[in-house]
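Peer 1: Next up is a structure, given as structure tokens.
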Amino acid sequence: EDEYSLDKVSIAVSDYIGKQTLANGQFMNAWEMIKQNEACAERLETFQISFKTLKEAVAGVIDFFGMSVCEGSDKVDETSKSHNLFLAGTFFGMYPVLVRGQIGFNSQYGCVLRVGVRSMNDNAIQTVLECIQ
């Protein structure tokens with residue numbers, strides 16, 4: 001029998017979801033438009049995430065999802081204890097996926113990510129959320 005060595009493979013959310021650019025000021029319109037569609041699916045989850053500052057957490061979450069940042073939400077006020085993040089993408093290039101995240105930071109307890117994911121495809125939402133866990 002032949003033996004072949006395999007390289008280590010890692011799969012991230014960005015392997016399933018591509019960037020989708022929305023014009024500035026259009027995220028909430030897109031969020032509501034998906035909600036009006038009968039195929040709309042939405043889930044809310046909360047996660048403990050390992051970052052040392054709010055700014056690092058925002059950059060890490062953006063990098064993890066690999067989606068387009070909307071509404072300039074990548075800009076972090078370093079004096080704030082929480083930050084809202086808006087991301088847009090497409091699942092396998094077919095279904096829009098929108099993420100509304102709120103990241104909270106406390107030096108004693110660390111970072112918490114509360115995320116809402118909305119799409120017209122429930123599999124897209126499950127894929128996004130399962131990758132965080």
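The values are calculated or read from the model by the stated rules, or taken from the named source; none is laboratory data. Here the structure is a predicted model, which is why all the values come from computation and not from measurement. No Cβ is skipped: glycine too gets one built from the backbone with ideal geometry, and neighbour counts run over all protein chains shown. To get the accessible areas, we keep the full protein, side chains included, count just its heavy atoms, and leave off ligands, DNA and RNA. Shrake-Rupley method; radii C 1.70, N 1.55, O 1.52, S 1.80 Å.
Peer 1: Considering only the range 28-52, how many residues are exposed (fewer than 13 other Cβ atoms within 10 Å of the Cβ), among the aliphatic types (A, V, I, L, M) and within 18 Å of the chain's Cα centre (by Cα)?
Peer 2: 1
Peer 1: For the range 15-31, name all the residues that are part of a loop (DSSP other than H, G, I, E, B) and at pLDDT below 90. Walk me through how you get there before you give the answer.
Peer 2: Pass one, the range 15-31, residues part of a loop (DSSP other than H, G, I, E, B): 16, 20-26.
Correct list: Tyr16 only.
Peer 1: What is the one condition in (1) among the aliphatic types (A, V, I, L, M); (2) in a helix (DSSP H, G or I); (3) under 30 Å from Ser107 (Cα atoms); (4) in contact with a Pro (Cβ under 8 Å, 6 or more places away or on another chain) that Ile34 does not satisfy?
Peer 2: Tallying (1) among the aliphatic types (A, V, I, L, M); (2) in a helix (DSSP H, G or I); (3) under 30 Å from Ser107 (Cα atoms); (4) in contact with a Pro (Cβ under 8 Å, 6 or more places away or on another chain), Ile34 fails exactly one: (3).
Peer 1: On the basis of being under 12 Å from the mean Cα position of the chain (by Cα), open to solvent by less than 20 Å² (accessible area, probe 1.4 Å) and either at pLDDT 90 or above or not charged (D, E, K, R) (or both), does Ala12 make the cut? Lay out the reasoning, then the answer.
Peer 2: Details: under 12 Å from the mean Cα position of the chain (by Cα): yes; open to solvent by less than 20 Å² (accessible area, probe 1.4 Å): no; either at pLDDT 90 or above or not charged (D, E, K, R) (or both): yes.
Against the criterion (under 12 Å from the mean Cα position of the chain (by Cα), open to solvent by less than 20 Å² (accessible area, probe 1.4 Å) and either at pLDDT 90 or above or not charged (D, E, K, R) (or both)), Ala12 does not qualify.
Peer 1: For the range 26-60, which residues satisfy the criterion of being over 19 Å from Ile132 (Cβ atoms) and among the aromatic types (Phe, Trp, Tyr)?
Peer 2: Phe27, Trp31
Peer 1: Looking at the range 53-70, can you tell me whether even one residue there is open to solvent by less than 70 Å² (accessible area, probe 1.4 Å), free of Cβ contacts under 8 Å to residues at least 40 places away in the same chain and assigned to a strand (DSSP E or B)?
Peer 2: Yes, there is a match, as at least one residue in the range 53-70 is open to solvent by less than 70 Å² (accessible area, probe 1.4 Å), free of Cβ contacts under 8 Å to residues at least 40 places away in the same chain and assigned to a strand (DSSP E or B).
Peer 1: Working only within the range 91-125, note down all residues that are more than 12 Å from the chain's Cα centre (by Cα), open to solvent by 60 Å² or more (accessible area, probe 1.4 Å) and of a type in the set (S, T, N, Q).
Peer 2: Within the range 91-125, Asn106, Ser107, Gln108, Asn123 meet the criteria.
Peer 1: What is the number of the single condition among (1) outside any strand (DSSP E or B); (2) touching a residue at least 60 places away in the same chain (Cβ under 8 Å) that Glu130 does not meet?
Peer 2: It is condition (2) that Glu130 fails.
Peer 1: OK, next. Taking Glu78, is it of a type outside the set (A, V, I, L, M), in a loop (DSSP other than H, G, I, E, B), touching a residue at least 24 places away in the same chain (Cβ under 8 Å) and open to solvent by 100 Å² or more (accessible area, probe 1.4 Å)? Quick ask: steps written out before the conclusion?
Peer 2: Working: of a type outside the set (A, V, I, L, M): yes; in a loop (DSSP other than H, G, I, E, B): yes; touching a residue at least 24 places away in the same chain (Cβ under 8 Å): yes; open to solvent by 100 Å² or more (accessible area, probe 1.4 Å): yes.
Here the answer is yes, as Glu78 does meet what is asked.
Peer 1: With respect to Gly25, is the statement that it is touching a residue at least 40 places away in the same chain (Cβ under 8 Å) and either over 14 Å from Ser119 (Cβ atoms) or under 18 Å from the mean Cα position of the chain (by Cα) (or both) true? Spell out how you get there, then give the answer.
Peer 2: Working: touching a residue at least 40 places away in the same chain (Cβ under 8 Å): yes; either over 14 Å from Ser119 (Cβ atoms) or under 18 Å from the mean Cα position of the chain (by Cα) (or both): yes.
When the stated conditions are applied, Gly25 passes them.
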